[in-house]
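Here is the structure we will look at, set down as structure tokens.
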Amino acid sequence: MIEHLPPAFRISALVCALILFAALFAGQLVPYDPYETDPQLILAPPSGEHLLGTDNYGRDILSRILAGGRTSIFSALFIVLAASSLGSLVGLLAGYYRGRADALLMRITDIFQAFPDIVLAIAVAGVLGGGLFNAVLALVATTWTQYARIARSAAIAAKEETYIHAARLSGCGDMRILLLHILPNIAGTLVVTAVLHISIIMMGLAGLSYLGIGVKIPAAEWGAMISEGQKYLQQAPWAVLAPSAVMVAVMMVFNLFGDLLRDLLDPKMRERRAD
């Protein structure tokens, strides 16, 4: 079955797997302790011993990028999983039951969508206080609405399909119909949306850390590293350029994978691009 997948998709999937592997086993891959300071190596340029140089505390930047990848990537994955689960549940219930339930749930969704995502995330994180956990809550609160809209539209369309009527006649309850009949038919769209959101969430988490209301210094996280390194941009540009380049590269890989996955799951989109 793998042989039938497009080569570009296989390559992008492999690169994504390597990135996740590096983030998961960062503790074993780092050449130095990412939190060990050395006053004699403050802002040392890239060399054979420190491939990406050191930061303003003499910490190895490559080690901190690897350690920060675990925080940035897996936090983004958790946020996407939580937001997609919450939003899909809300959308399915609203689209399936309609009436007052639909009106109430969609008005709540409208309230959250009335504000730009990053502004709402900053407001929520600012109220809750800094830290990774609060940053995660803030980003979940700003992203679930998109999944709710997608799931609601799909549930409304699927509710009148013949196989749903057949399921009702066979004695299936509402939750069984929602989870075993409707959800599998819209899972492809939700999965593609989730994959494409990974890079957006990574950027949002980095933005909160950059502003000082996300991951707290000295924790290794790409946004926090960029925030620290910008102070020494002229003196030691590698301190800010290295984590920035890595974050942009990882975001591009996940975006490419999401685009290819969308093409794979949507034949119409694939034919349109081929034309």
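The values are calculated or read from the model by the stated rules, or taken from the named source; none is laboratory data. Predicted model only: the values in this text are computed from it and were never measured. Using ideal geometry, Cβ is built from the backbone for each residue, glycine included, and neighbour counts are taken over all protein chains shown. In case anyone asks, the SASA skips ligands and DNA or RNA and just uses the protein heavy atoms, side chains included. Shrake-Rupley method; radii C 1.70, N 1.55, O 1.52, S 1.80 Å.
Scan the range 28-45 for residues that are open to solvent by less than 70 Å² (accessible area, probe 1.4 Å) and either within 14 Å of A219 (Cα to Cα) or assigned to a loop (DSSP other than H, G, I, E, B) (or both) and the total you get is 5. Candidates in the range 228-250 are the residues that are of a type in the set (V, I, T) and farther than 18 Å from A44 by Cα; of these, the one that is most open to solvent (accessible area, probe 1.4 Å) is V248.
When the criteria are applied in full, F115 meets the requirement of being open to solvent by 70 Å² or more (accessible area, probe 1.4 Å), within 28 Å of D259 (Cα to Cα) and either part of a helix (DSSP H, G or I) or not charged (D, E, K, R) (or both). Among the numbered conditions (1) assigned to a helix (DSSP H, G or I); (2) more than 22 Å from the chain's Cα centre (by Cα); (3) touching a residue at least 60 places away in the same chain (Cβ under 8 Å), the only one that A236 does not meet is (1). Within the range 1-35, if we keep just the residues that are of a type outside the set (A, V, I, L, M, F, W, C) and free of Cβ contacts under 8 Å to residues at least 24 places away in the same chain, the residue that is nearest to I226 (Cα to Cα) turns out to be Q28.
Would you please name the residue that is farthest from the chain's Cα centre (by Cα), looking only at residues in the range 209-230 that are part of a loop (DSSP other than H, G, I, E, B) and at pLDDT 85 or above? Only one residue fits best here, namely A220. Checking the stated criteria, S63 turns out not to satisfy the condition of being within 16 Å of the chain's Cα centre (by Cα) and outside any strand (DSSP E or B).
Could you tell me whether any residue of the range 126-149 is at pLDDT below 85, over 20 Å from the mean Cα position of the chain (by Cα) and in a loop (DSSP other than H, G, I, E, B)? Yes, there is a match, as at least one residue in the range 126-149 is at pLDDT below 85, over 20 Å from the mean Cα position of the chain (by Cα) and in a loop (DSSP other than H, G, I, E, B). Filtered by the rule that a residue be closer than 17 Å to K216 by Cα and either buried (at least 20 other Cβ atoms within 10 Å of the Cβ) or hydrophobic (A, V, I, L, M, F, W, C) (or both), the range 67-85 gives A67, G68, G69, T71, S72, I73, F74, S75, A76. Residues in the range 46-60 that are open to solvent by 10 Å² or more (accessible area, probe 1.4 Å) and of a type in the set (D, E) were compared, and the one that is nearest to the chain's Cα centre (by Cα) is D55.
Among residues of the range 197-208 that are in a helix (DSSP H, G or I), those with a beta-carbon under 8 Å from a residue that is acidic (D, E) and open to solvent by 10 Å² or more (accessible area, probe 1.4 Å) at least six positions away or on a different chain give the pairs G204/D117.
The number of residues in the range 127-151 that are within 15 Å of A206 (Cα to Cα) and of a type outside the set (S, T, N, Q) comes to 10.
If the condition is being surrounded by fewer than 16 Cβ atoms within 10 Å (Cβ to Cβ), of a type outside the set (D, E, K, R) and in a helix (DSSP H, G or I), then the range 1-12 contributes I2, H4, P7, A8, I11. Within the range 140-167, being over 22 Å from A94 (Cβ atoms) and surrounded by 20 or more Cβ atoms within 10 Å (Cβ to Cβ) holds for no residue.
Does I79 satisfy the criteria of being of a type outside the set (G, A, S) and under 17 Å from the mean Cα position of the chain (by Cα)? Answer is yes for this residue. Which of the residues that make up the range 94-107 are modelled with pLDDT under 90 and either open to solvent by 50 Å² or more (accessible area, probe 1.4 Å) or touching a Cys at 6+ places or on another chain (Cβ under 7 Å) (or both)? Within the range 94-107, Y97, R98, G99, R100 qualify.
In this structure, does A224 turn out to be free of Cβ contacts under 8 Å to residues at least 40 places away in the same chain and open to solvent by less than 10 Å² (accessible area, probe 1.4 Å)? So A224 does not fit the description; no.
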